[in-house]
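Student: Input: one structure, supplied below.
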Amino acid sequence: MAFSNQTIKRIVLKNKVTDEDTLKRLEIQSEKLNLPLARLLIAEGLITGQQLLEFISEFLNLPIFDPTTEPFKLDVIGVLPELVARERQVLIFGRDASKNVYKVAMTDPTDIENINYLKEYLKAEIEPYLSSNESLRLGYQLYKRMSSENFETVISARINAIKTSLKNIEENILESIPLVELLDTIIGYAATLDASDVFLQPEEDFLKIRFRVDGLLRDMISVDRSINEGLVARIKTLGSLRIDEHFKPQDGRFRFRSSDIDLDIRIAIMPTMFGEKTTLRLLSGAHNFLTLEELGINQNDIIKFQKIIKRPHGMILSTGPTGSGKTTTIYTILSLLNKPEVHIMTIEDPIEYVIPNVSQTQVNQQAGVTFANGLRSILRHSPDIIVVGEIRDGETEEISINAALTGHLLISTLHTNDAPSAILRLVDLGAEPFLIGATLNAVIAQRLVRRLCPNCRTSYAPDQAIIQKIENDLQAFGRKIKIPEKLYRGEGCNLCHNSGYQGRIGLFEILLIDEKVKTLIASKNINTDTLNKVAQDQGMNSIFEDGIDKAAKGLTTIDEIIRVMTE
């Protein structure tokens, strides 16, 4: 929200969000880190983004733009060019033709210069609405969808151009303009869909191009397999990899920039029976780390979270299967802890985002840099906070526990299905139970589910027979959970490519290692059932329960929760 720190301060004090001393401390921090005061208030857990939006709305006496009640309309949004909309941080979402009035969502509806500009540009009156950045972002994605051409048609044209250029002239395939355009088109379209991965997968008779969108794979198009060699060579060139090596896996990265796309792209190339397979992981180059609220953590757990990360030493573990968002959670924690007076070092595999003011080291097996060796070296640099990408062996675990015992805050990940299982996993790796209890502060377990599209989300009352079946299915997994009588689903629209979903949100459970849990761990009489019982007694909501709560709020669907938790 584009409001000055002074305005936010007045609003916060008026609504008694916090005291003046805390506000003064955050103001100083805001100046040092060059971050808006509003973001720090949210990061500290003093207020949620929605609460702040409501306070500002009340302060300005202006309505809030809500995409769940004001569906996006292509003909209305397109009245204002995307470049102008982004530059001015506005979005046209409605029109009263009889009065010649446009409804405009704005991050700062008090900006008179902006309103006058829009009046002149549109030759109409403006009815301003207060909007969050997230709501505007959803609308801006629709611009990309409107302007994107038919993917298959464009790809086919690019491939024909490559074949023609290489047939007519003696041209190096790496310098072929159509080849460069082909790769740019594939990456650009993947970015338009908010894909996390692009797969160039050679089969016996064709090259299959696949995208992973919101955690699920989509087959996009199959093309002539002969194109794969040129695409792989182009990607190797961009990633500074060996072009003449075709029989060993290679990893690299490169930066992709276009007019409105900025991506860090990780490369993984693997030889297969029908040629080299390439996987491209698309990471935002903007490095705008999410807040705890944006991750999907509920307000009660945010309060727990704030207490956990303020402890000067100990260990915090993020757990879950591959692709469950553990790394994103760790980067969010780091963004909250990253202050000028704190020394932070990491050992990662791979480094996904470069974080200012943090010393990051990449695991390099060939050079002898493993998690264990890297961590041992990091300790010689006297860091305050250490991040270990993953605890996967007894040696790394032992060094991590020793680091947490000697005054460091250590953050890492484990592959377990829930939070209590992480303790058993640490024991399996060889740690003494009393040391686990002495060092472990908390375990955060999570999953990622697809978020319902706010543009086409509708509520419905499920049939009682369906509710009973779902409850029975959940009970088969040891979960007695009451299903809400009102649920939500996505009808499908232009914004979500008729999938009914738009983006993803996390499901979380947070196990605090309190005195009762420490006593249980030290007793060595620990198993999943006893740990779960203690966790429930301390008020921990399971991932399933968090999912049901989000389904009741219209953030996701029951089907999506069951898919993710049972796959």
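The values are calculated or read from the model by the stated rules, or taken from the named source; none is laboratory data. These numbers come from a predicted model, not from an experiment. Every residue, glycine among them, receives a Cβ derived from its backbone with ideal geometry; neighbour counts consider all protein chains shown. Areas reflect the complete protein model, heavy atoms only, side chains present, ligands, DNA and RNA absent. Shrake-Rupley method; radii C 1.70, N 1.55, O 1.52, S 1.80 Å.
Student: Enumerate the residues in segment 264-285 having an amide nitrogen under 11 Å from the point lying 7 Å beyond the Cα of ILE243 toward its Cβ.
Tutor: Answer for this model: none.
Student: Of LEU280, PRO178, GLY490, which is farthest towards the positive pole of the chain's charge dipole, taken about the Cα centre with +1 and -1 on the beta-carbons of Lys, Arg and Asp, Glu respectively?
Tutor: Of the listed residues, the answer is GLY490.
Student: Please compute the Kirkwood hydrodynamic radius of segment 9-124 from all pairs of different C-alpha atoms, in Å with one decimal.
Tutor: It works out to 16.3 Å.
Student: Which whole-Hz ³J(HN,Hα) couplings does segment 119-126 yield from phi under the Karplus relation 6.51 cos²θ - 1.76 cosθ + 1.60, θ = phi - 60°, glycine and proline marked x?
Tutor: Per residue, the Karplus-derived 3J(HN,Hα) values read 4, 5, 5, 8, 6, 7, 7, 10 Hz.
Student: Of all accessible surface on the chain at a 1.4 Å probe, what whole percent is carbon and sulfur? Display every interim value, and only then the final one.
Tutor: Working: 12870 of 26720 Å².
Result for the chain: 48 percent of the exposed heavy-atom area is carbon or sulfur.
Student: Any chance you could run the full-extension gain for MET270 through GLU152? It's 0.36 nm times the residue separation minus the Cα-Cα distance, nm to one decimal.
Tutor: 39.9 nm
Student: Please report the equivalent ellipsoid semi-axes of segment 63-143, computed as sqrt(5 x eigenvalue) of the Cα gyration tensor, largest first, in whole Å.
Tutor: Semi-axis lengths for segment 63-143 are 16, 14, 13 Å.
Student: Let me ask something else about it. Test of understanding: what is the full-extension gain from HIS497 to ASP194, defined as 0.36 nm times their sequence separation minus their Cα-Cα distance?
Tutor: Values: separation 303, 0.36 × 303 = 109.08 nm, distance 1.14 nm.
Working it through step by step, the gained length comes to 107.9 nm.
Student: Amide H neighbours of VAL387 under 5 Å, counting only residues 5+ apart in sequence or on other chains, H built in-plane at 1.01 Å?
Tutor: MET345, THR346, ILE347, ILE411
Student: Filter the GluC sites (Glu not before Pro) in segment 39-74 down to the DSSP loop ones having no more than 10 other Cβ atoms within 10 Å, then list what survives.
Tutor: In loop regions of segment 39-74 (DSSP not H, G, I, E or B), there are no sparsely surrounded GluC sites (Glu not before Pro).
Student: What does the charge add up to near GLY49, with Lys and Arg as +1, Asp and Glu as -1, over the other residues with Cβ less than 12 Å from its Cβ?
Tutor: Summing Lys and Arg as +1 and Asp and Glu as -1 gives -3.
Student: With +1 on the Cβ of every Lys and Arg and -1 on the Cβ of every Asp and Glu, and nothing else charged, how large is the dipole of segment 1-140 about its Cα centre, in debye rounded to the nearest 20?
Tutor: 60 debye
Student: Provide the per residue accessible area, probe 1.4 Å, for the chain, rounded to a whole number of square angstrom.
Tutor: Value returned for the chain: 47 Å² of accessible area per residue.
Student: Set the Förster distance to 25 Å, then compute FRET efficiency between LEU216 and LYS516 from the Cβ-Cβ distance, nearest 0.05.
Tutor: Values: r = 40 Å, r/R0 = 1.60.
Given R0 = 25 Å and the Cβ-Cβ separation, E is 0.05.
Student: How much net charge surrounds ILE243 when only other residues with a Cβ under 10 Å from its Cβ are counted (Lys, Arg +1; Asp, Glu -1)? Write out the running numbers ahead of the final one.
Tutor: Working: positive: ARG234, LYS236, ARG242; negative: ASP244, GLU245.
Summing Lys and Arg as +1 and Asp and Glu as -1 gives +1.
Student: Give the span of segment 426-532's Cα atoms along each principal axis, as three whole-Å numbers ordered largest to smallest.
Tutor: Taking the Cα atoms of segment 426-532, the three principal extents are 54, 32, 22 Å.
Student: For segment 509-550 and segment 336-397, what is the centre-to-centre distance using only Cα atoms, to the nearest Å?
Tutor: Value for the Cα centre distance between the two parts: 29 Å.
Student: Please sort by residue number the chymotrypsin sites (Phe, Trp or Tyr not before Pro) in segment 496-567 whose DSSP state is loop and whose Cβ has at most 16 other Cβ atoms within 10 Å. Walk me through the numbers before you get to the answer.
Tutor: Numbers: sites: TYR501, PHE508, PHE544; in loops: none.
Sites meeting the loop and neighbour criteria: none at all.
Student: Between LEU33 and ASP262, what is the label-point separation in nm under the 7 Å Cα-to-beta-carbon projection?
Tutor: 1.9 nm
Student: Oh, and also: Around ASP111, which amide H atoms from residues at least 5 apart in sequence, or from another chain, sit under 5 Å from its own amide H, with H modelled in the peptide plane?
Tutor: It is none; the list stays empty.
Student: Find which of ILE444, ASN298, VAL12 sits farthest along the positive direction of the dipole of the chain, computed with +1 on the beta-carbon of Lys and Arg, -1 on that of Asp and Glu, about the Cα centre.
Tutor: Checked the options; the winner is VAL12.
Student: Follow-up. Per DSSP H run of n ≥ 4, the term is -39500 (n - 2.57); total these for the chain, divide by its residue number, and report the mean residue ellipticity at 222 nm rounded to 500 deg cm²/dmol.
Tutor: -12500 deg cm²/dmol
Student: Cα-based Rg of the chain per 2.2 N^0.38 Å, rounded to two decimals? Please list the in-between numbers first.
Tutor: On the way: Rg = 25.6 Å, N = 567, 2.2 N^0.38 = 24.5 Å.
The value comes to 1.05.
Student: Moving on to the next point. Simple spin-label model, 7 Å along Cα-to-Cβ: GLN299 to ASP205 in nm?
Tutor: According to this spin-label approximation, the distance is 5.9 nm.
Student: Report the local net charge at PHE93: Lys and Arg +1, Asp and Glu -1, summed over other residues whose C-beta lies under 13 Å from its C-beta.
Tutor: -2
Student: Over segment 1-146, calculate the relative contact order: mean separation of alpha carbon pairs under 8 Å at least 6 apart, over the residue count, as a percent.
Tutor: Computed value for segment 1-146: 23 percent relative contact order.
Student: Of the DSSP beta bridges with both residues in the chain, give the percent that are antiparallel, rounding to the nearest 5.
Tutor: For the chain, the DSSP antiparallel bridge percentage is about 65.
Student: Between ASN15 and ASP559, what length comes free when the chain is fully extended (0.36 nm per residue of separation minus the Cα-Cα distance, one decimal in nm)?
Tutor: 191.9 nm
Student: Compute the FRET efficiency between THR322 and ARG225 as 1/(1 + (r/R0)^6), taking r as their Cβ-Cβ distance and R0 = 25 Å, and round to the nearest 0.05. It would help to have the intermediate numbers written out before the result.
Tutor: On the way: r = 29 Å, r/R0 = 1.15.
Given R0 = 25 Å and the Cβ-Cβ separation, E is 0.30.
Student: What figure, in Å² to the nearest 10, do you get for the accessible area of MET220 with a 1.4 Å probe and non-protein molecules left out?
Tutor: Near enough 40 Å² of accessible area.
Student: Provide the FRET efficiency to the nearest 0.05 for the LYS486-LYS339 pair, computing r from the beta carbons and using R0 = 30 Å. Spell out each step's value before the answer.
Tutor: On the way: r = 43 Å, r/R0 = 1.44.
Between LYS486 and LYS339 the formula returns 0.10.
Student: Roughly how many debye, to the nearest 20, is the charge dipole of the chain about its Cα centre, given +1 on each Lys and Arg Cβ, -1 on each Asp and Glu Cβ, and no other charges?
Tutor: Result for the chain is approximately 500 debye, rounded to the nearest 20.
Student: Can you tell me the convex hull volume per residue for segment 316-383, based on C-alpha atoms, in Å³ to the nearest whole number?
Tutor: 105 Å³
Student: Projected onto the charge dipole of the chain (+1 at Lys/Arg Cβ, -1 at Asp/Glu Cβ, origin at the Cα centre), which of ILE112, VAL363, VAL564 gives the Cα projection farthest towards the positive end?
Tutor: It is ILE112.
Student: Something else: Calculate one ³J(HN,Hα) per residue across segment 533-539 by plugging θ = phi - 60° into the Karplus curve 6.51 cos²θ - 1.76 cosθ + 1.60, and present them in order as whole Hz with x for glycine and proline.
Tutor: These are the phi-based 3J(HN,Hα) values: 5, 5, 4, 5, 5, 8, x Hz.
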